[in-house]
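Read-outs: derived from the displayed coordinates by stated rules, not from any lab. Please read these numbers as outputs of a predicted model, since none were measured by experiment. All Cβ positions, glycine included, derive from the backbone under ideal geometry; neighbour counts span all protein chains shown.
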Amino acid sequence: MQSCRIIAVSLLLSCPIIGTAKDKKKIVLPTDVLDAKTVLVVVDPGAGIALDAPNANREALENVENALTNWGRFRLVRSEYNADLVILVRKGNGKIAEPTIGGVPIDNRPVIVEPTTDASVGHPPMPGETQPRNPDPRPQMEVGPSEDMFAVYRGKRENATDSPAVWRFMGKDGLRSPGVPAVDAFRKLIVEAEKQRAAAAKP
């Protein structure tokens, strides 16, 4: 499984990124993304705990949640079944590879079962169902992006982040507060996409 994660990250690094800190290209977002109302923020499950900054990913998650709350466009939820969008974050440290501690859940907040009227989006675990267990904590050499990553996925489905990302931002200190450049870039992108949609709707 770890080798698959390393291969997946290697492919990610070799593919062109849709959005970066310096990317000024105009991108039209899909209608369902522009109409999204709820969002779930998660830490990349493949991210380990850095020995020199054990709380880096958790702090990045909280920075993004606070920035989204201040923006006011989305309502934060705790279930991917009720999230129109799922945002995955991962804190970079300027290195392609670093020793970390794996097998420890970073986002260990309690799961909150929220009401939904759409039975097609999935269901919370039923009595008797088991959830995959994380392996015991272990040292590992983690390979990943050296810069902060912020990736947007469609929600309302299981394993939402296994699908292709709708938009991705990578940049140095992109998840740092105050400001959180990744959220600011996403906000500007949505504003631009809405302008393009409004222009296209004009007769």
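Quick look at the numbers
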item	result
Segment T31-A201, length gained on full extension (0.36 nm per residue, minus Cα span)	59.9 nm
Cα→Cβ-extended label distance, 7 Å offset, between T69 and R187, nm	1.5 nm
Other-chain or far-sequence residues with amide H under 5 Å of R154's (modelled H)	V86, V166
Whole-Hz couplings from phi, Karplus 6.51/-1.76/1.60, listed for segment 169-186; x for Gly and Pro	10, 9, x, 5, 6, x, 10, 7, 9, x, x, 6, x, 5, 5, 5, 5, 5
Gained length - K172 relative to L76, 0.36 nm times residue gap less alpha-carbon distance	32.1 nm
